[in-house]
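Okay, so here's the structure we're looking at.
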Amino acid sequence: MAAIAVVAASCKTEPAATTSDKDATAETVALYKNMKNLSARGTMIGHQDALAYGVGWYGDDGRCDFKDACGDYPAVFGWEIGEIEQGAEYSLDSIYFDRLKGYIRRVYDMGGINSVSWHARNPLTKGDAWDVSSKEVVTSILPGGENHGLFLGWLDIAADFFLDLKGSSGEPIPVIFRPYHELTGSWFWWGKELCTPEQYVTLWRITADHMRNKGVHNLLWAYSTAGYETPEEFLERYPGDDYVDLVGFDAYQHASGEEFTSQLKQLTDILMPIASAHGKVAALTEAGYEGVKGDAWYSDVLYPAVEGKGLSYVLLWRNAYDIPGHFYTSYPGHTSTDDLRRFVAQDDILTAGKLKDIYR
Ligand code: BMA
């Protein structure tokens, strides 16, 4: 009887909050532990490129549409390093990499969280990340492929970027790294129809091993899909518990609000048991409704989808300065602004000001 009781008790215990990288820095481990604890308290709200530009402005120091609309900074800041692999000075969304490092430092200093995605160009065709014209691309960068060396060089460049992120005492700044995302779709060169599950997993592991071997230990690795119907589909290309810290998905509203809420709930209901079985943090890694139409999208559509679900964060997509209508959070004067204020006033919706000592 006693043995059975012990087994039953241990089954109930969630796996420990250890990072996939056994050599992760102290701040990275602390961030992970705190993200796990925080997800029981509420869901952090995030925004892509929040400090770099917004609707009608670019590069204004200290400016942020989200904060100007609701009074606080987002808790999570998404960033993008596509084009860094080309040795470019600025990203595909026109942020200078030098400035980007400064923004990441500023977020760290304010006690917020940084997440980085990577729309790397197609290493075979030299087209952009959305160039899916050849199915040979992943084969070409894996060991034995014609572009393997080139690709390792790209990984070196990305690794140097992460190594160069330093806090005031020289400590590496932890970052959630979210490469090869939306992999259940086939619109990026690493997508479902472009490589086998084994090739995807190899690509991921090569990336992580290469960076870790170069001394990059400030990353939490995010495996972030597009839509899926079943747990098996979500996990088909999962790189393994030693390579992933956070599981999540990207989803955008294209039909009615009710449909989007129910779509988010369905995806989350599949995601959460996976996160818990693998001991990982779960997040809605990209989301939104282009133009945030109406005056209650956060309260009517987003909140019912995330309430009580245990999601660590929701990252709303960018407010482009140069594409009219391409924005995903409120900005001063927009019809959704009052509702954003109501949304973030709730105890279980967390903005930067509600976080404390997440790196300790
Ligand atoms: C898309 C759009 C593009 C952008 C890309 C990468 O969703 O916002 O304008 O270049 O993401 O950030």
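The values are calculated or read from the model by the stated rules, or taken from the named source; none is laboratory data. Because the structure is a prediction, the values reported are computed rather than measured. Neighbour counts are summed over all protein chains in view; Cβ atoms, including those assigned to glycine, are modelled from backbone coordinates with ideal geometry. Ligands, DNA and RNA are excluded from the accessible area calculation, which covers all protein heavy atoms including side chains. Shrake-Rupley method; radii C 1.70, N 1.55, O 1.52, S 1.80 Å.
Considering every residue within the range 245-259, establish whether at least one is in contact with a strand residue (DSSP E or B) (Cβ under 7 Å, 6 or more places away or on another chain), assigned to a helix (DSSP H, G or I) and more than 16 Å from the ligand (Cβ to nearest atom).
Looking for residues that are in contact with a strand residue (DSSP E or B) (Cβ under 7 Å, 6 or more places away or on another chain), assigned to a helix (DSSP H, G or I) and more than 16 Å from the ligand (Cβ to nearest atom), one finds none in the range 245-259, hence no.
Which condition breaks for Ile157 when tested against (1) touching a residue at least 60 places away in the same chain (Cβ under 8 Å); (2) part of a helix (DSSP H, G or I); (3) open to solvent by less than 50 Å² (accessible area, probe 1.4 Å)?
(3)
Quick check on the range 163-185. Is at least one of its residues free of Cβ contacts under 8 Å to residues at least 60 places away in the same chain, within 16 Å of the ligand (Cβ to nearest atom) and small (Gly, Ala, Ser)?
yes
Just to check your reading of the model, which residue among Asp93, Asp68 is touching a strand residue (DSSP E or B) at 6+ places or on another chain (Cβ under 6 Å) and over 25 Å from Gly170 (Cα atoms)? Let's see the steps before the verdict.
Values: Asp68 fails: touching a strand residue (DSSP E or B) at 6+ places or on another chain (Cβ under 6 Å).
Exactly one residue qualifies, and that residue is Asp93.
Between a residue in the range 325-346 that is closer than 11 Å to Ile45 by Cβ and any residue that is surrounded by fewer than 19 Cβ atoms within 10 Å (Cβ to Cβ), which pairs come within a Cβ distance under 7 Å, given they are 6 or more apart or on different chains?
If the second residue must be surrounded by fewer than 19 Cβ atoms within 10 Å (Cβ to Cβ), the pairs left are Phe343/Ser299; Val344/Asp72.
Give the residues of the range 198-237 that are closer than 23 Å to Leu267 by Cα and open to solvent by 30 Å² or more (accessible area, probe 1.4 Å), sorted by residue number.
Scanning the range 198-237 gives Gly227, Glu229, Thr230, Pro231, Glu232, Glu233, Leu235, Glu236.
Scanning the range 33-83 for residues that are of a type in the set (Gly, Ala, Ser), more than 16 Å from the ligand (Cβ to nearest atom) and under 21 Å from Thr285 (Cα atoms), which turns out surrounded by the fewest Cβ atoms within 10 Å (Cβ to Cβ)? Working first, answer last.
Restricting attention to the range 33-83, the residues satisfying the condition of being of a type in the set (Gly, Ala, Ser) are 39-40, 42, 46, 50, 52, 54, 56, 59, 62, 69, 71, 75, 78, 82.
From what's left, more than 16 Å from the ligand (Cβ to nearest atom): 39-40, 42, 56, 59, 62, 69, 71, 75.
Pick out the ones that are also under 21 Å from Thr285 (Cα atoms) and you get 39-40, 42, 75.
On the way: Ser39: 20, Ala40: 9, Gly42: 21, Ala75: 30.
Selected residue: Ala40.
Scanning the range 85-130 for residues that are open to solvent by 60 Å² or more (accessible area, probe 1.4 Å) and hydroxyl-bearing (Ser, Thr, Tyr), which turns out farthest from Leu350 (Cα to Cα)?
Tyr90
Taking the condition of being within 23 Å of Ser224 (Cα to Cα) and either open to solvent by 10 Å² or more (accessible area, probe 1.4 Å) or in a helix (DSSP H, G or I) (or both), how many residues in the range 287-301 meet it?
Selection size over the range 287-301: 4.
Scan the range 302-327 residue by residue and report those that are open to solvent by 40 Å² or more (accessible area, probe 1.4 Å), near the ligand (Cβ under 10 Å from one of its atoms) and touching a strand residue (DSSP E or B) at 6+ places or on another chain (Cβ under 9 Å).
Selection gives Asp322 alone.
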